[in-house]
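The values are calculated or read from the model by the stated rules, or taken from the named source; none is laboratory data. This is a predicted model, so every value here is computed, not measured. Reconstructed Cβ throughout: ideal geometry from the backbone, glycine too, with neighbour counts over all protein chains shown.
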Amino acid sequence: MSAMNHIDIDPQTATAWVEAGVNVKDLDDVTCPQGLAAVNGSCTTVGVVGFTLGGGFGFLSRTKGLAVDNCLQMEIVTATGQRIVASSQEHRHLFWVLRGAGQVGYGVVTKLQVKLHTLQEQYVGGRFWYVPMSSTKLKELLHVMSEFCRSAEDEITFNIYLITQVPGVAVDYFYDGHPSEAEGKLLPFLRSITERFGPPGESSTAVNGPWEEQTTSYVEYQQRFGEEPVKTYKMWKSAFLGELTPEVIHIIISQLEEAQFLLTPHYRPRALGRRNQP
Ligand SMILES: Cc1cc2nc3c(=O)[nH]c(=O)nc-3n(C[C@H](O)[C@H](O)[C@H](O)COP(=O)(O)OP(=O)(O)OC[C@H]3O[C@@H](n4cnc5c(N)ncnc54)[C@H](O)[C@@H]3O)c2cc1C
């Protein structure tokens, strides 16, 4: 598949055909310089087609939907060698099943067409760490974040990475709107976190200056950790939750010191449910 790495962008319709060997970084590298972006993952080695067939959420998903919501057509080769293009117009049922359950063997998706979105020049985004952090403080932090997220703007995305055994936490934050809007909607919350829990760890972006100066281009944010090492031998589990309830927080924290893997509770309420149509 890796030889099938062609990307064909149509700026007029803001769409792109992406072949099955293209990784998420390859796609951003081509679209972002044109001021456009697909709903995409940010770990460089992940395949765009595999990512999309599994649903696919990224930092644009709370405003623009999952990758499958932004997929317009898929070309698939079946076990009998038949080449089919499935979309909401043709082979509708196949298209429906591919969008989310496509990894289980309906055929080989050779390329797909995705919707592209216009990028603005700068965004507010970064990461803060508290490592180590006591279980009690972690629990408190999750409660504070859960409370804020209950009514948070769709433009705000957090990725919370709970680091087991140490334990500790890293939080990615991203505001999918103009940086001046983040001033009223996201930054007061980040400031309240540092007031309550103290200055975050050294590699946090806030340590290098005030939160409001942490602007970044979208592609810089996507690729901020550079190339993902292919062989890191780490186990990473996700849980898809409608809400980080006190019960869920209690279960997560009580398992944390024993668990062998990095845990990411994917908590992106509201927007994903509303934006489920292409
Ligand atoms: C470091 C890391 C970070 C991640 N971050 C995110 C994230 O932010 N958001 C998110 O949504 N997901 C994320 N993921 C999950 C990722 O989207 C899935 O693991 C995805 O399945 C990877 O697809 P792949 O093609 O790279 O992997 P593979 O292991 O090659 O494929 C995964 C599955 O998809 C099937 N598949 C792949 N390509 C095709 C094809 N062309 N036709 C038919 N079936 C195919 C394979 O058969 C396999 O069953 C992350 C994964 C990793 C490892």
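Against the conditions (1) in a strand (DSSP E or B); (2) closer than 24 Å to Thr31 by Cβ, Val171 satisfies every one except (2).
Counting just the residues of the stretch 85-105 that are near the ligand (Cβ under 8 Å from one of its atoms) and not small (Gly, Ala, Ser), which one comes out nearest to Ala67 (Cα to Cα)? My answer is Gln103.
Among the residues making up the stretch 18-29, those that are outside any loop (DSSP other than H, G, I, E, B) and either at pLDDT below 95 or buried (at least 17 other Cβ atoms within 10 Å of the Cβ) (or both) are Val18, Glu19, Asn23, Val24, Lys25, Asp26, Leu27, Asp28. Of all residues in the stretch 1-17, those being within 10 Å of the ligand (Cβ to nearest atom) and at pLDDT below 95 number 1.
Does Thr110 qualify as being within 9 Å of the ligand (Cβ to nearest atom), modelled with pLDDT of 95 or more and polar (S, T, N, Q)?
When the stated conditions are applied, Thr110 passes them.
For the stretch 70-80, enumerate the residues that are within 15 Å of the ligand (Cβ to nearest atom), free of Cβ contacts under 8 Å to residues at least 60 places away in the same chain and of a type outside the set (A, V, I, L, M). Selection gives Gln73, Glu75, Thr78. In the stretch 1-12, the residues that are under 14 Å from Gln113 (Cα atoms) form Cβ pairs under 9 Å with partners that are in a loop (DSSP other than H, G, I, E, B) and within 16 Å of the ligand (Cβ to nearest atom), at six or more places apart or across chains, as follows: Asn5/Ala20; Asn5/Gly21; Asn5/Val22; His6/Gly21; His6/Val22; Ile7/Val22.
Filtering the stretch 20-35 for residues that are in contact (Cβ under 8 Å) with a residue 12 or more places away in the chain, closer than 23 Å to Gly107 by Cβ and over 19 Å from the mean Cα position of the chain (by Cα) leaves a non-empty set. Using the structure shown, decide if Leu60 is buried (at least 21 other Cβ atoms within 10 Å of the Cβ) and within 12 Å of the ligand (Cβ to nearest atom). Considered against the rule, which asks whether it is buried (at least 21 other Cβ atoms within 10 Å of the Cβ) and within 12 Å of the ligand (Cβ to nearest atom), Leu60 comes out as yes. The residue of the stretch 38-57 that is farthest from the ligand (Cβ to nearest atom), among those that are buried (at least 23 other Cβ atoms within 10 Å of the Cβ) and either among the charged types (D, E, K, R) or not in a helix (DSSP H, G or I) (or both), is Ala38. Across the stretch 202-236, the qualifying residues are those that are at pLDDT 75 or above and part of a strand (DSSP E or B), and the one among them that is nearest to the ligand (Cβ to nearest atom) is Thr216.
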